[in-house]
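To start, the structure itself, in structure tokens.
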Amino acid sequence: MIRSTNLPLFITLMTFVLAYALCASQYPAMLSGRVAANLLTDNAFLGITAVGMTFVILSGGIDLSVGSVIAFTGVFLAVVLRDTGIHPVTAFALVLLITIAFGAAMGSIIHYLEMPPFIVTLAGMFLARGAAYVLSTDSVPITHEFYDVLQGLYWKMPGGGRFRLIGAVMLLTFIVAMIVAHRTRFGKNVYALGGGAGTAQLMGVPMARTTIGIYAVSGGLAGLAGIVFSLYTSAGYSLATVGVELDAIAAVVIGGTLLTGGSGTIAGTFFGILIMGLIQTYIVFDGTLSSWWTKIVIGALLFAFIVLQKGLGWATTARTIPATRFAERS
Amino acid sequence: MFVSSLKRVAPQLLILAIMIGINVIVFPGFLSIEFQNGRLFGNLVDVLNRGAPTALLAIGMTLVIATRGIDLSVGAVIAIAGAVAAKVVVDGHGWHLALLAALSAGIICGIWNGILVAFLRIQPIVATLVLMVAGRGIAQLITEGTILTFLDPGLIQLGAGTIAGIPTPILIWLGLGIVVTAIVRRTALGMLIEAIGINERSSRLAGINSGVLLVLVYLVSGFCAAMAGVIVAADIKGADANNAGLWLELDAILAVVIGGNSLLGGRFSIVASLLGALIIQSVNTVILLSGMPPEFNLVIKALIIIAILVIQSPRVKHMLYLLRASSEPLNREKPATSIEEGRA
């Protein structure tokens, strides 16, 4: 039998396969390589953001600032490339440094001042969005030849689809994140923290380092997502990516991660992203459905997965009751 | 009892006084209030008027947070209620029916949230996230993706009109605040809500019907959000499903936190939350009046909020307490040293 920890992941995977099969039976063209490649390209920045969000949620926290950090990164890159002569690679490194420091600062406030992550990252969200406004309120185009080079990198898939660089960056992020989450000490610490802060501390988990590290990772990945987003749109706009934090949280939950923390997988988040991308693709294919149906369907899916998780939770507690009774008797 | 409740809101009153003081510094005419064309005018009136949606949300949010919950869906409920009110009026019905329909929509949303939290036992932040994501879609479904505009004078009166010279939104939030405070404080309801927030399990074992109370609390939050939605829609004479109440849930939560209520539930004060809402609104006003470039609004707001939160954070409070406690023995020693000095 499938272990209960893997069951949510399995269900997410099955939902994706089933949804894809349903879509394909209605529109056979959805099976083409082009659609698959676009699914990866269009959701690249959201996927990278969701990886960071998975770490935060696994630890029992939440990061509302990611959408604003993506917008800030885009505007920062556009303004820096327009006004100074530095190479985009240097600008990338600089912006990643800023966003990692930003995340680490939020993590420090959360840990040292014992404030709830929800409120701290909320203030961070205002701050990052405000910093983007200060840099520029207009949409700033990016016209650097290095951007053209990066955008021109793709692998032509059989069937005509173009597997672009940013899709590859997302896949690479997911693979690295899976290794970090499941094969390193930091990953184990994140799960331990989400399972219960008090217990983790008693077990000797370095609380300060782990908490700050988690939010630094989330901030840095939001920065990377911002770089990918600027490659995707070739512009920086301070009003872009409003509400992306909600999409990322939804993808993480649909991917089977518990919002209370301590249980979930990075791979699940990947399929959560694909399911959300699939809904959007279906609505584009259909043509008669309006865009607001996306929100309603994602809301319904979110509800379905939450209820499912609850059901699984009840099922596991029901199974453990005989064991505890046995322990009491002996 | 009056003194103790005054002591509870003292930090909020102080911060509000400081904010108003800064307002007076950047704009000397801030405190003047005039009566023109049968209506009160002045910046203070504006603060009270513009703060109405946040204040209304803060009333419901305070109760929800007191039960150790959170309601993320209020912004979406504002959009839904505005859309429903506009739709009813555009279809040719009176404003009474529109108000009733909008409030019913809010109550239904609240009951939905409450059932998810109380009976399906879903974490509040997740349970209300569902409606937060889907709610704007539903609102757009009602308005069919357009901004529904209306000219019904009765409905507009609710958002932009006056009663006895005072703008209606002020009367609505003050009235609702007084009624809800009276209900929770003059009966045992407030204490029962606090009991749920402190320990739901033991409160249930003590015989409190926590399920029904939780649904009731989310219902009140939905009702307040719907009222705010009607005001927001009436103010601009139209229902904008995309932008009405956008991020207001965050302002409302901030108002409650600035009001000194713990996000971990328990003791609450609606008056302090309402003061928190006014603080947020006066921060907005000070940025506006100071004539700074509007790009800086969010940065300044974020910095002020971070400063307020850091001052109120448990760790800093504890450090201040330690500082005060350790300085007390020094005080006792001081007279002794001064006597010695006197001798010398």
Item to complete: Take chain B, connect every pair of alpha-carbon atoms lying under 10 Å apart with a spring to form a Gaussian network, then pick out the residue of B:ARG185, B:ARG324, B:ARG315 with the largest mean-square fluctuation.
Response: B:ARG324
Worksheet item: If you add up the charges near A:GLY107, with Lys and Arg at +1 and Asp and Glu at -1, over every other residue whose beta carbon is less than 12 angstrom from its beta carbon, what do you get?
Response: 0
Item to complete: Give the cross-link partners of A:LYS156 among the lysines, using a straight C-alpha distance below 17 Å as the criterion and excluding same-chain residues fewer than 8 apart.
Response: none
Fill in: Relative pair counts by distance (%), Cα atoms of chain A, 20 Å bins
30, 56, 12, 1
Discussion item. Taking the Cα centroid of region A:26-91 and of region B:101-133, what is the distance between the two, rounded to the nearest whole Å?
Written reply: 31
Fill in: Relative contact order (percent, whole number), chain B, Cα cutoff 8 Å, 6+ residue spacing
31
Fill in: Candidate lysines - alpha carbon under 26 Å from A:LYS310, same-chain residues fewer than 8 apart omitted
A:LYS188, A:LYS295
Item to complete: Work out from phi, with θ = phi - 60° and the Karplus expression 6.51 cos²θ - 1.76 cosθ + 1.60, the ³J(HN,Hα) of each residue of region B:298-303, listed in order in whole Hz, and give x for Gly and Pro.
Response: 5, 4, 5, 4, 4, 5
Discussion item. Give the lysines reachable from B:LYS87 as a straight Cα distance under 17 Å; neighbours fewer than 8 places away on the same chain don't count.
Written reply: B:LYS237
Discussion item. With a 10 Å cut-off between alpha carbons and a GNM built on chain B, which of B:LEU278, B:LEU205, B:LEU246 moves the most?
Written reply: B:LEU205
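Would you kindly calculate the mean projected area, averaged across all directions, of the convex hull enclosing the Cα atoms of chain B, in square nanometres?
Values: hull surface 90.9 nm².
Its Cα hull, projected and averaged over all orientations, spans 22.7 nm².
Find the Cα radius of gyration of region B:1-147, compare it with 2.2 N^0.38 Å by division, and give the number to two decimals. Write down the numbers at each step before the final one.
Details: Rg = 19.8 Å, N = 147, 2.2 N^0.38 = 14.7 Å.
In units of the globular-protein estimate, region B:1-147 measures up at 1.35.
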Discussion item. Test of understanding: express the Cα radius of gyration of the protein assembly as shown as a ratio to 2.2 N^0.38 Å, with N the residue count.
Written reply: 1.01
Fill in: For region B:138-208: rounded, prolate or oblate by the Cα gyration tensor [a/c cutoff 1.5]
oblate
Worksheet, complete the sentence: Within the under-12-Å Cβ sphere about B:LYS317, not counting B:LYS317, Lys/Arg +1 and Asp/Glu -1 give a net charge of +1
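Viscosity 1.567 mPa s, temperature 4 °C: what is the translational diffusion coefficient of region A:57-108 from Stokes-Einstein with a Kirkwood Rh over Cα pairs, rounded to a whole number of µm²/s? Kindly include the intermediate steps, with their values, before the conclusion.
Values: Rh = 12.2 Å.
Rounded to a whole number, D works out at 106 µm²/s.
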Practice prompt. Can you check what the net charge comes to around A:GLY33, using other residues whose Cβ is under 10 Å from the Cβ of A:GLY33 (Lys, Arg +1; Asp, Glu -1)?
Written response: +3
Discussion item. Of A:LEU246, B:THR143, A:ASN38, which is farthest towards the positive pole of the protein assembly as shown's charge dipole, taken about the Cα centre with +1 and -1 on the beta-carbons of Lys, Arg and Asp, Glu respectively?
Written reply: A:LEU246
Worksheet item: Among all stretches of chain B without exposed chymotrypsin sites (Phe, Trp or Tyr not before Pro) (DSSP loop, at most 16 other Cβ atoms within 10 Å), which one is longest?
Response: B:120-246
Worksheet item: Shape of region A:188-288 from its Cα gyration tensor (a ≥ b ≥ c, root eigenvalues): rounded if a/c is under 1.5, otherwise prolate when a/b > b/c, or oblate?
Response: oblate
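Laboratory data are not the source of any read-out in this text; all were calculated from the coordinates shown. These numbers were taken from a predicted model, which means no experiment stands behind them. So basically every Cβ, Gly included, is an ideal-geometry build from the backbone, and we count neighbours across all protein chains shown.
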